[in-house]
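Student: I am attaching a structure below and will ask some questions about it afterwards.
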Amino acid sequence: MKVLIVDDEPNVRKIIRFMGQWEKHGITDIFEAKNGKEAKALIDRESPEIIMTDVKMPQKNGIELIEWLHSHSYSGKVIMITGFDDYSFMRKAIEYGSFDYLLKPIEDEMLNEALTRAVESWEMEEEERRNIKSGFYEEVKRFRLNREMTFACNGERFDFEEITLSLPQADAYDLTLIYFYQTQHSDHYLQLLTEELIRSEWGNVYAFQNDPNLCVILSIHGQFFLIEEWITQQCDVPIRLVSGLPLESLDEIPKSFQYAQSAMAEQNFRAIHRLTDLDDAKRMNDIVTFVNEHYMDELSLDKLATRFFLSREHISRRFKQEIGVTLSSYVIELRINQAKQWLCQSDEKMYSIALKLGYQDEHYFSKLFKKVVGLTPLEYRNDEQNR
């Protein structure tokens, strides 16, 4: 960190150098200038974080210097030093963003107290600048918005004000669900859509937590046809849009969301860039891969139909043709095989294994296990250990 001392009196600069607790604050370089003109050249070359400057000096005084700093959006901290207790100087100093104001003769304690606060303030603002530059704040903000919208759609308590602030003011809004095909990477399109909605003041878009392929668009009532036109032109991947009920208040989000989900289940949607029949084989491979990766989650034909843009009847028929068994039988087989591994390789309790596999009822899963394997989970574990 660097400090610049600006004063036309060499003795004052020497005293400040002597009294300042520089090492304590990580200050490694101390520069001096005898007027504002010299100070400008040093500031351009060295970019000091802290500037201590006298008010009255020849060749550009301290007030002119901080006015110049203000016009160049200087991000450091300026501490004014003067022998005059003049309100007009103080007012100017405040107007141009001076951090503090010290009177001569300078006292050791007052100088270092002002220095401490200036360094701490600069470090805090510098961290904020780094976070803004790295996009950290935007990521946190977007995460919070997505979380609150997920809460709202699920009928849970949510931060009403946070969602309100993310939207343009309007008397009513439209809720629309946007579904991306399961294997598509939606992040890029969501970023573009978010920027366009905010720029055009149409609304905002929120990704469902734990399911980025399902998003919620809230837009000013009656404006969605413009948004749909933009999506059609800018997004080159398969998308399905489902409208919910118009919202006169954000409290109506759960009701509108449920209405849209029901419409989707009834295949009442608008398709953009449809998948052709030639993609059917690939989609079935995608479905099998998805089931293999998520068999411990809650799976259903309806969920797969929503994710892979096929009817539940088509998936049921084609799954059995491809795999040889129904979806439910295939999921049970995967879960039983996983249970066998855990029973052999760990001492984990049966109720814990059942929960991890998606079964709330331990007794139900034990009966299911025995029906498939011919032994209860405990008998199977003992049998394997005896071997």
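The values are calculated or read from the model by the stated rules, or taken from the named source; none is laboratory data. None of these values were measured; they are calculated from a predicted model. Here the Cβ is made from the backbone with ideal geometry for all residues, glycine too, and neighbour counts use every protein chain on show.
Student: Can you name every residue in the stretch 30-86 that is among the polar types (S, T, N, Q), on the phi > 0 side of the Ramachandran plot and free of Cβ contacts under 8 Å to residues at least 40 places away in the same chain?
Tutor: Those that are among the polar types (S, T, N, Q), on the phi > 0 side of the Ramachandran plot and free of Cβ contacts under 8 Å to residues at least 40 places away in the same chain: 59, 73.
Student: Scan (1) over 15 Å from residue 179 (Cβ atoms); (2) surrounded by fewer than 17 Cβ atoms within 10 Å (Cβ to Cβ); (3) small (Gly, Ala, Ser) for the single condition residue 271 breaks and write down its number.
Tutor: Result: residue 271 passes all but (1).
Student: Out of 380, 359, 351, which single residue is part of a loop (DSSP other than H, G, I, E, B) and either under 42 Å from the mean Cα position of the chain (by Cα) or among the hydroxyl-bearing types (Ser, Thr, Tyr) (or both)?
Tutor: None of the other options fit; the residue is 359.
Student: Of all residues in the stretch 76-112, how many are small (Gly, Ala, Ser), outside any helix (DSSP H, G or I) and modelled with pLDDT under 85?
Tutor: Residues in the stretch 76-112 being small (Gly, Ala, Ser), outside any helix (DSSP H, G or I) and modelled with pLDDT under 85: 3 in total.
Student: What residue, of 32, 49, is closer than 20 Å to residue 125 by Cα, touching an Asp or Glu at 6+ places or on another chain (Cβ under 9 Å), charged (D, E, K, R) and surrounded by 13 or more Cβ atoms within 10 Å (Cβ to Cβ)?
Tutor: 49
Student: Kindly evaluate residue 307 against the criterion of being among the charged types (D, E, K, R), assigned to a helix (DSSP H, G or I), under 23 Å from residue 179 (Cα atoms) and over 34 Å from the mean Cα position of the chain (by Cα).
Tutor: no
Student: So which residues in the stretch 160-177 are touching a strand residue (DSSP E or B) at 6+ places or on another chain (Cβ under 7 Å), of a type in the set (S, T, N, Q) and over 14 Å from residue 225 (Cα atoms)?
Tutor: 166
Student: Here's another thing I want to ask about it. Given the conditions (1) of a type in the set (A, V, I, L, M); (2) without any contact (Cβ under 8 Å) to a residue 60 or more places away in the chain; (3) not in a loop (DSSP other than H, G, I, E, B), report the number of the one that residue 115 does not fulfil.
Tutor: Status for residue 115: all satisfied but (2).
Student: Could you grab the pairs with beta carbons closer than 6 Å, sequence gap of 6+ or different chains, first residue in the stretch 290-314 and farther than 17 Å from residue 268 by Cα and in contact (Cβ under 8 Å) with a residue 24 or more places away in the chain, second one outside any helix (DSSP H, G or I) and of a type outside the set (Gly, Ala, Ser)?
Tutor: Qualifying pairs under 6 Å: 296/357.
Student: Can you list the strands (runs of 3 or more DSSP E) found entirely within the stretch 207-284 that contain at least 3 residues being modelled with pLDDT under 80?
Tutor: 211-220
Student: Can I ask one more? For residue 322, state whether it is acidic (Asp, Glu), within 29 Å of the chain's Cα centre (by Cα) and either outside the structural domain of residue 216 (by TED's automatic domain parsing) or at negative phi (or both).
Tutor: no
Student: Could you figure out which of (1) modelled with pLDDT of 90 or more; (2) under 39 Å from the mean Cα position of the chain (by Cα) isn't true of residue 340?
Tutor: For residue 340, the exception is condition (2).
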